[in-house]
Amino acid sequence: MIRKVGIYFNLLMIAGYAVMGFFLIFADNLDLLDQPQQKWLGAILVVYAIYRGYRSFRSSKKEQEPLDES
């Protein structure tokens, strides 16, 4: 059960990073950052979400492999 909570939390974080990244890339009227900085930060967040998703996928695949006890 704890493992499922961890998986759901990881998926939530991946989605959060991706949504925030796309928001920063496509938002026009934000006063917090200059436009180029906003685009770069958005791109970094999207790339990080992809990387985190890949790591999560590899981790879950590794845990599902049967143990070879030969």
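A compact table of results
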| item | result |
| --- | --- |
| Degrees between helix 2-26 axis and first principal axis of the chain (Cα, 0 to 90, nearest 10) | 20 |
| Computed lengthening from residue 50 to residue 2, 0.36 nm per intervening residue step minus Cα-Cα distance | 14.9 nm |
| Relative packing of peptides 17-25, 48-56, 31-39, 1-9 - highest average C-beta neighbours within 10 Å first | 17-25, 48-56, 31-39, 1-9 |
| Ellipticity estimate at 222 nm from DSSP helix runs (n ≥ 4, -39,500 (n - 2.57)) divided over the chain, nearest 500 | -28000 deg cm²/dmol |
| Degrees, to the nearest 10: 35-64 long Cα axis against longest axis of the chain | 10 |
| Residue 58/residue 23 FRET efficiency (R0 25 Å; Cβ-Cβ; nearest 0.05) | 0.40 |
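Every read-out reported here was derived from the displayed coordinates using simple, explicitly stated rules and does not represent laboratory data. What you are looking at is a predicted structure, and each value in this text was computed from that prediction instead of being measured. Virtual Cβ from ideal backbone geometry, glycine too; neighbours counted across all protein chains shown.
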